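J.: I'd like to ask some things about the structure below.
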Amino acid sequence: MTDYPVLDKIKKENDIKKLPENEWSELAREIRCFLTENVSKTGGHLSSNLGVVELTMALHLFLDLPEDKLVFDVGHQTYVHKILTGRKNFETLRQKGGLSGFPKGSESECDAFDTGHSSTSLSLASGLVTARELKGEKNKIVAVIGDGALGGGMAIEALNNIGKFKSNLIIILNDNEMSIDRNVGGMANYLGQIRTKKTYVNFKSGLENILDEIPGGSGERIVGRLKHIKDSLKTFFVSGMFFEDLGITYIGPINGHDVHQVLTALKSAARVDKPVLIHAVTQKGRGYLPAEKRPGKFHGIGPFDLKTGKILKKPETKTFTESFSEAMVELGDRDSRLIGITAAMEFGTGLREFGECHPDRFFDVGIAEQHAVTFAAALAKSGFRPVVAIYSTFLQRSYDQILHDVCLTKQPVIFMIDRGGITGEDGETHQGIFDLSYLSHIPGLTVMAPKNCHELKSMLSFSLEMNAPVAIRYPKCGESERAAALDCDEIRYGEAEKLLEGKDVAIFAVGTMTDLGLELSEMLKKDGFGTLLYNARFVNPIDKTAVLDAAKRCRVVVTLEENVKRGGFGEAVADLILENGLKTGFVNGSLKDSFIEHGKRSELLKAYGLDADEIYGKIRRIIG
């Protein structure tokens, strides 16, 4: 275990202010060592946190927490903030009952807001500023947003509103040229122009030093004229002056790894009675060479070898994401209509390989899920077959576009919904447990879920032959050995796949819950009960014929889905049975209607009532 003599002095918020300046650099070094040592054991978001060490230190030196408010966009870069507020129990990071990987008010008052999705910080901060003014308070409010998140539609909407403010709000633009994958689009290009205008940066820093040294009074006219010259030259050197034109004072670019420089900028910004944006340039993964070389890989990573950076344990079976990636390349080679679309996650969704093989038919639209969906709708209307790959939890943000722009007009867009179900250690904001509910009630949207990787490929091929919108939902985890060994019958629209024949208990399993269905079947067989097991395949429409036949033949019908109960597959099956006046017993195997905390998937399934023992007990209480 490494010693941390300076870091050990930090017991709670604001303790950093007790450290002499000559210990700041050592504190930064120790924080980076602490992060790499601990995250290598637990996994987590590493490169984003290594990149904000000095920036976060400066913020804690500047603010008085928790009276002042610090809002982080997304929140995956708050590990340093947690450390500086006394939360150093990183051995429990992202473990059930342990330290969350995101801001969490229940952990500390210093976390101004629970966050986990992108582009929200500016709206939150603007609300806090308005509340401060209405209450007549004087506290400081700072929002930290990345250059990737700044391109999100919600952030742009907030900027448009913030420019009207007549009181102070400090925005830190953490510019590392990355979100999860490399940033794309006009905002990224704009910030790149600012970063590279060295002539302007050198001139500006020199002029600001002069301005700072001139006293008020008789020198005010000189200051005014110099400021006019400065603004004119700024217009010349930096095209657009985007933020200034919105009414937001711009400071930067500054070195985000220089505590003194960031602290000086913060103090200057606090003296302005209007919104101020500080453009801080940082390096993602700084201080740990493997993360510097491959920041995307270390954005969110499992346990790894500290010396080499290699992941300690790879999945034993193929993941659904890998299978989707292979299928896209294979289908793209055969079908020139196929287009791949993602929202700043080409690596995470598995579309990178398709983009390399078919760059003219791959589009990363940045952190803009709503735009991605409507963009796809227009492509579909034009005769192409767009495949939109987005994580379940992020697809929630584009619900209106799915309903209004795709399904209402019946556009043949295919949604590949990765991270469906419990994703585990990222917690409440990232569990994909609502998608079956918010998708299956949309008229005309076919919703499917594969039991294994082979079936995922078959479903994607099947969807390309349909002239209608389709959603295919699959998990983060790899396929189980039991499910991987199953063959796949030909897919027929709206029909479930029968896996086992029996007369006592009928089980309809959605997607990877087929594995749980097989386990339950084995348990029932030992007790002398036969199981009629179906791989549901279709969540919308459900196989009405199979359900009604099972309800007439069997003593109990069981549904299994890794989704909340309300509005899910189980409720649709129960409604069908009830509408037809059948009296069979029924067990809805689903997750409790709640937000699910962080922890291992197996732990959470058990805690929320979706494990073999829990479901088996419910079945036995009905059949005796």
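J.: Please say if the stretch 520-624 is rounded, prolate or oblate, where rounded means a/c under 1.5 for a ≥ b ≥ c the square roots of the C-alpha gyration tensor eigenvalues, and otherwise the choice is prolate for a/b larger than b/c and oblate otherwise? Show your work: numbers first, answer last.
T.: Working: a/c = 1.98, a/b = 1.25, b/c = 1.59.
The shape class here is oblate.
J.: Checking the table Lys135/Lys600; Lys17/Lys96; Lys96/Lys310; Lys41/Lys526 against a 31 Å threshold on Cα-Cα, which pairs fail? Write out the running numbers ahead of the final one.
T.: Details: Lys135/Lys600 43 Å; Lys17/Lys96 33 Å; Lys96/Lys310 25 Å; Lys41/Lys526 40 Å.
Over 31 Å apart, Cα to Cα: Lys135/Lys600; Lys17/Lys96; Lys41/Lys526.
J.: Please give the length that would be gained between Glu330 and Glu67 if that part of the chain were fully extended, namely 0.36 nm times their separation in residues minus their C-alpha to C-alpha distance (nm, one decimal).
T.: Details: separation 263, 0.36 × 263 = 94.68 nm, distance 5.59 nm.
Contour length minus Cα-Cα distance gives 89.1 nm.
J.: Rounded to the nearest 20 Debye, what is the dipole magnitude of the chain about its Cα centre when Lys and Arg each give +1 and Asp and Glu each give -1 at the C-beta?
T.: Values: 78 positive and 84 negative charges, 138 e Å.
The dipole of the chain has a size of about 660 debye.
J.: In terms of modelled amide H atoms, which long-range or inter-chain residues lie less than 5 Å from the amide H of Arg385?
T.: Amide H to amide H, under 5 Å and 5 or more residues apart or across chains, Arg385 pairs with Leu338, Ile339.
J.: Looking at the chain, identify the longest residue range that excludes and avoids all chymotrypsin sites (Phe, Trp or Tyr not before Pro) in DSSP loops having at most 15 other Cβ atoms within 10 Å. Numbers along the way, then the final one.
T.: Details: sites that count: Tyr493, Phe595.
The answer is 1-492.
J.: Can you figure out the FRET efficiency of Glu157 with Glu490, using R₀ = 45 Å and their beta-carbon distance, to the nearest 0.05? Don't skip to the end; give the middle numbers.
T.: Working: r = 47 Å, r/R0 = 1.05.
Step by step, r from the Cβ atoms, then E = 0.45.
J.: By a straight-distance test (C-alpha under 16 Å), which lysines pair with Lys284 as possible cross-link partners, with residues fewer than eight away in the same chain excluded?
T.: Lys293, Lys297
J.: Relative to the longest principal Cα axis of the chain, at what angle does helix 320-334 sit, 0 to 90 degrees, rounded to 10?
T.: The angle comes out near 90 degrees.
J.: With a cut-off of at most 15 other beta carbons within 10 Å, and DSSP calling the residue loop, which GluC sites (Glu not before Pro) in the stretch 265-356 qualify? Please list them. Working shown, then result.
T.: Numbers: sites: Glu292, Glu316, Glu322, Glu326, Glu330, Glu346, Glu353, Glu356; in loops: Glu316, Glu346.
Within the stretch 265-356, the qualifying GluC sites (Glu not before Pro) (loop, at most 15 other Cβ atoms within 10 Å) are Glu316.
J.: Just to confirm the number: angle between the C-alpha axis of helix 24-42 and the first principal axis of the chain, 0 to 90 degrees, nearest 10?
T.: Around 10 degrees separate the two axes.
J.: How large is the Kirkwood hydrodynamic radius of the chain, counting all unique pairs of alpha carbons, in Å?
T.: Details: mean 1/r = 0.0379 Å⁻¹.
Computed over Cα pairs of the chain, the Kirkwood hydrodynamic radius comes out at 26.4 Å.
J.: Could you tell me how many degrees, from 0 to 90 and to the nearest 10, lie between the Cα long axis of helix 220-237 and the main elongation axis, the longest principal axis, of the Cα atoms of the chain?
T.: 40 degrees
J.: List the trypsin sites (Lys or Arg not before Pro) within the stretch 346-450 that DSSP assigns to loop and that have no more than 16 neighbouring Cβ atoms inside 10 Å. Mind dumping the intermediate values first?
T.: Numbers: sites: Arg352, Arg361, Lys381, Arg397, Lys410, Arg419; in loops: Lys410, Arg419.
Sites meeting the loop and neighbour criteria: Lys410.
J.: Run the reach check for Lys410 against aspartates and glutamates, Cα to Cα strictly under 17 Å, same-chain hits fewer than 8 apart removed. What comes back?
T.: Asp400, Glu465
J.: Just to confirm the filter: which trypsin sites (Lys or Arg not before Pro) across the stretch 258-302 are DSSP coil and have at most 12 other Cβ within 10 angstrom of their Cβ? It would help to have the intermediate numbers written out before the result.
T.: Working: sites: Lys267, Arg271, Lys284, Arg286, Lys293, Lys297; in loops: Arg271, Lys284, Arg286, Lys297.
Sparse-neighbourhood loop trypsin sites (Lys or Arg not before Pro): Arg271.
J.: Would you kindly state how much longer the chain becomes between Lys9 and Asp613 on full extension, computed as 0.36 nm times their sequence separation minus their alpha carbon distance, in nm to one decimal? All intermediate terms of the calculation are to be shown ahead of the outcome.
T.: Values: separation 604, 0.36 × 604 = 217.44 nm, distance 4.76 nm.
That pair, Lys9 and Asp613, stretches by 212.7 nm at full extension.
J.: Around Val259, with a cut-off of 13 angstrom between Cβ atoms, what is the net charge of the other residues, counting Lys and Arg +1 and Asp and Glu -1?
T.: Details: positive: Lys17, Arg29, Lys267; negative: Glu21, Glu23, Glu26, Glu54, Asp258.
After counting each charged neighbour, the total is -2.
J.: In nm, give the distance between the simple-model label positions of Cys357 and Leu500, each being 7 Å from the Cα along the Cα-to-Cβ direction.
T.: 3.7 nm
J.: If r is the Cβ-Cβ distance from Asn255 to Gln95 and R0 is 35 Å, what FRET efficiency results, to the nearest 0.05? List each step's numbers first, then the result.
T.: Values: r = 36 Å, r/R0 = 1.01.
Rounded to the nearest 0.05, the efficiency is 0.50.
J.: A further question on this structure: At 222 nm, what helix-only mean residue ellipticity would the chain give, in deg cm²/dmol to the nearest 500, using -39500 (n - 2.57) for each DSSP H run of four or more? All intermediate terms of the calculation are to be shown ahead of the outcome.
T.: Values: 25 runs with 247 residues, N = 624.
Taking each H run of at least 4 residues, the total per residue is -11500 deg cm²/dmol.
J.: Over all alpha-carbon pairs of the stretch 320-482, lay out the pair-distance distribution in 10 Å bins, whole %, shortest bin first.
T.: 11, 45, 37, 6, 0
J.: What distance in nm separates the simple spin-label points at Val272 and Ala131, each placed 7 Å from Cα in the Cβ direction?
T.: 2.5 nm
J.: When the label point is put 7 Å from the Cα of Arg294 along its Cα-to-beta-carbon vector, which residues of the stretch 23-54 have a backbone N closer than 17 Å?
T.: Once the point is set 7 Å along Cα→Cβ of Arg294, 40-41, 43-48 turn out to lie under 17 Å by backbone N, inside the stretch 23-54.
J.: Quick one: if you stick a label point 7 Å off each Cα along the C-beta vector at Asn580 and Lys592, how many nm between them?
T.: 3.3 nm
J.: Expressed in nm to one decimal, what extension gain is obtained for the pair Arg29 and His441 from 0.36 nm per residue of sequence separation less their Cα-Cα distance?
T.: 143.1 nm
J.: If we count every other residue with Cβ under 13 angstrom of Pro5's Cβ, Lys/Arg +1 and Asp/Glu -1, where does the sum land?
T.: My count for the surroundings of Pro5 gives -3.
J.: With the dipole of the stretch 5-90 worked out from charges on the C-beta (+1 for Lys and Arg, -1 for Asp and Glu) around the Cα centre, which of Leu70, Leu55, Cys33 lies farthest toward the positive end?
T.: Checking the options against the dipole of the stretch 5-90, the answer is Cys33.
A short reminder: the numbers here are calculations on the coordinates, not readings from a lab. Computed from a predicted model, the values in this text were never measured in an experiment. In this analysis, Cβ positions are derived from the backbone assuming ideal geometry, glycine residues included, and neighbour counts consider all displayed protein chains.
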